[in-house]
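I have a structure I would like to understand better, so I am pasting it below and will then ask my questions one at a time.
Bear in mind these aren't lab numbers, they're just calculated from the coordinates by the rules spelled out. Since the model is a prediction, treat every value here as computed from it, not as a measurement. Please note: Cβ atoms are built from the backbone with ideal geometry, for glycine as well, and neighbour counts cover all protein chains shown.
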């Protein structure tokens, strides 16, 4: 999959391709469980990354990340490639330095770019994820909400922190569903299959058609809430009888 070409890299003419030492330290602490993902995003924001350009891909390649295979989409001519993540989303691979890129593909040409511009390029293409250093030494997948925050030059905090959903997100979920008919109560909690789970209390005895209508209204209300859209990467619904 080919993206738009990045702008000329003259601001990085003196770049020797080394990884930013502060970012490297944060990544090491993140890998050890001593730094949250928010710290990685904060350390990444002011740096430059290397975006890979491949001259030619005859066949789709596969790379490993977190024990899962990522497919590198086919591209017949020179251009920026994208990865397909295990959950089906499209990701832009970016690298902290030339050594990390060489671990991934020795034939990739590094194009240095500021992180906000790289994130903006991904957003413009509809690519939801950034994967930092797909071949290691420390691989980190940045979710859609972090990519959007980086593209806008904003700080980012995940919706779930220290095992609980942020108060702003909890309030937004309740407000978004307050006017949805038949929703007796709604609560946001950490998810198991998604980042956030919304527990819905619905009247007992709903038939399948009525349940489907309510869930469709719930999904629509949450999708159109600006706080939920900006803060929550993925949602799951859990239903119980009121």
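Helix 208-223 versus the longest principal axis of the chain: what angle, 0 to 90°, nearest 10, using Cα atoms?
On a 0 to 90 degree scale, this one is about 50.
While we're on this one: If you take all C-alpha pairs in the range 160-241, what percent of them are over 14 Å apart? List each step's numbers first, then the result.
On the way: 1940 of 3321 pairs.
Percent of Cα pairs beyond 14 Å in the range 160-241: 58.
Using mean Cβ contacts within 10 Å as the protection proxy, how do 38-47, 95-104 order, highest first?
Values: 38-47: 18.0, 95-104: 19.7.
Going from most to least packed, we get 95-104, 38-47.
Still on this structure, I have one more. Can you pull the percent of Cα pairs in the chain with separation above 25 Å? List each step's numbers first, then the result.
On the way: 13869 of 29161 pairs.
Result for the distance tail: 48 percent.
Can you tell me, using C-alpha contacts under 8 Å and at least 6 residues apart, the relative contact order of the range 160-241 as a whole percent? Working shown, then result.
Working: 119 pairs, mean separation 29.5, N = 82.
The normalised contact order for the range 160-241 reaches 36 percent.
Once you order the gyration tensor axes a ≥ b ≥ c over the Cα atoms, which shape class does the range 120-207 get: rounded for a/c under 1.5, otherwise prolate or oblate by comparing a/b with b/c? Can you show the working numbers first?
Details: a/c = 2.41, a/b = 2.17, b/c = 1.11.
Verdict is prolate for the range 120-207.
Restricting the count to DSSP beta bridges whose residues both fall in the chain, what percent are antiparallel, rounded to a multiple of 5? Each step should come with its number before you reach the end.
Working: 29 of 40 bridges.
Around 70 percent antiparallel, to the nearest 5.
Pairing the Cα long axis of helix 167-177 with the longest principal axis of the chain, what angle in degrees results, from 0 to 90 and rounded to the nearest 10?
Result, in degrees: 50.
Continuing with this model, one more query. Compute the relative contact order of the chain as a whole-number percentage, counting only Cα pairs closer than 8 Å that sit 6 or more residues apart in sequence. List each step's numbers first, then the result.
Working: 457 pairs, mean separation 38.9, N = 242.
In percent, rounded to a whole number, it is 16.
What whole number of Å gives the distance from the Cα centroid of the range 10-41 to the Cα centroid of the range 215-238?
Answer, in whole Å: 32.
Also, I was wondering about something else. Angle between the Cα long axis of helix 21-31 and the longest principal axis of the chain, 0 to 90 degrees, nearest 10?
50 degrees
Using only the Cα atoms of the range 78-135, build the gyration tensor, take square roots of its eigenvalues as a ≥ b ≥ c, and label the shape rounded, prolate or oblate: rounded if a/c is under 1.5, else prolate if a/b is larger than b/c, else oblate.
Numbers: a/c = 1.80, a/b = 1.29, b/c = 1.39.
It comes out oblate by the Cα gyration axes.
So if we plug the beta-carbon distance of residue 193 and residue 223 into 1/(1 + (r/R0)^6) with R0 = 22 Å, what FRET efficiency do we get, rounded to 0.05? Spell out each step's value before the answer.
Values: r = 18 Å, r/R0 = 0.80.
The value I calculate is 0.80.
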